[in-house]
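Encoded as structure tokens, the structure appears first; notes follow it.
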Amino acid sequence: MPQPSTRRHSVYLFPLTQEIEKKIQQELTSSSHRRNLLQELFADIALEVDDRARDIILGGEDQISPVEDEIEGPLCFYDVLADHFVWVPDNGKPILDLIVQLWSQSFSSNIFSLLFHKWLFEVQLDNAEVLLRYSSALVQGATNVFWIDIQTNTRRFQSLFRYLLKEVALVPERLKKIPLQAQRELFLLLSRFIFLYNLVDELESFLKQFPDFPNTFLVGGPADVFIIELSDQLQKLKVEPVLLHYLSHIKVLQGLELRMTTSTRLKTCLYSFTSPGGPMYPTRTVRHAAWDALNLLFPVGQYPRHLISLFFRLLYPWYWPSSCWSFLVSCIQAVLYSLMRLVFSSWEKLSKA
């Protein structure tokens, strides 16, 4: 039974759902511009709700919606619509039926994941084949939108990730609503993006809920699977601020019990970011962050690693000028900071005396 506030929301959201249904219907009848129309629809539902629309949809300034309480960051139209389709499933059914007819088109899974990620775990679906299809589309669409956040260095789809992690992965009753294969795909997805959305505090609970994988004997336990996915993700990152963000969270991996092969895999991944040139071409900031992560996670052998790195740097004379200049600047900065600390400490002693 919808709450009174839910009925009020439905009054304003029903025309919006009709507009979405109309656009998808146009895409079905269109023969040439289908991809562009889907892309435009995806962009529309991913837009942030402005103040005027927020007052109309959420009930004005005197009423705080539960939707707003659950979201950290901007409130987008897909946040409101996802809750609406849970409260009033009949309004979402025509849209879902149309999206199913467009499964093969780009952005279809993206739209499905944004609009129906909550609906999928709240309704009862008895058809196993349909449930697997919806679950796979959810994971694929979520993957696509999370990569959009990476490429733009934003967190527009953070609420979707938080729901999949906190309300699905960490809630066994809700997680079991999707097939085991989809559960595995979901956990692999969350492993790749948990650093991006600043939810590393949930890592311990997340690893405890990992589903069983068929090749556990070869791959290892949950921590090994997580590190494998994280290492692969690091290798794919090309946006420097995002890569630095990932490396800044690497300290949470301290204390994880890993197989030797998994530990070596992570070490090799981090080491690949410590040298200039191909194939990674990391910047100086990235190289220093990678060295810090290596020294933190693998303190044994850090000095031999630096010596080996220095030896290989000597084989490339064209890097010498920049290295010498950076070393000189670092020394000057260190001297200046030491002098400033000495001056401030002397000033404090004089003021106390």
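The values are calculated or read from the model by the stated rules, or taken from the named source; none is laboratory data. Source: prediction; values computed, not measured. No Cβ is skipped: glycine too gets one built from the backbone with ideal geometry, and neighbour counts run over all protein chains shown.
Odds and ends about this structure:
- Counting only helices (runs of 4 or more DSSP H) that fall entirely inside segment 141-205 and contain at least 1 residues that are farther than 27 Å from LYS251 by Cβ, the qualifying elements are 172-175, 180-193.
- The residues of segment 213-255 that are surrounded by fewer than 14 Cβ atoms within 10 Å (Cβ to Cβ) and under 27 Å from LEU180 (Cβ atoms), listed by number, are PRO214, ASN215, THR216, PHE217, LEU218, LYS236.
- Test: residue in segment 297-305 that is in contact with a helix residue (DSSP H, G or I) (Cβ under 8 Å, 6 or more places away or on another chain), surrounded by 11 or more Cβ atoms within 10 Å (Cβ to Cβ), in a helix (DSSP H, G or I) and at pLDDT below 85: yes
Residue-wise test of (1) outside any helix (DSSP H, G or I); (2) touching a residue at least 12 places away in the same chain (Cβ under 8 Å); (3) among the polar types (S, T, N, Q).
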| position | (1), (2), (3) |
| --- | --- |
| ASP224 | no, yes, no |
| ILE227 | no, yes, no |
| VAL242 | no, yes, no |
| HIS245 | no, yes, no |
| LEU258 | yes, yes, no |
| THR262 | no, yes, yes |
| CYS269 | no, yes, no |
| SER275 | yes, yes, yes |
| PRO279 | yes, no, no |
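- In segment 114-126, the condition of being surrounded by fewer than 20 Cβ atoms within 10 Å (Cβ to Cβ) and either farther than 16 Å from LYS177 by Cβ or of a type in the set (A, V, I, L, M) (or both) is met by at least one residue.
- Lone qualifier among TYR134, TYR163 - being modelled with pLDDT of 95 or more and more than 19 Å from the chain's Cα centre (by Cα): TYR134
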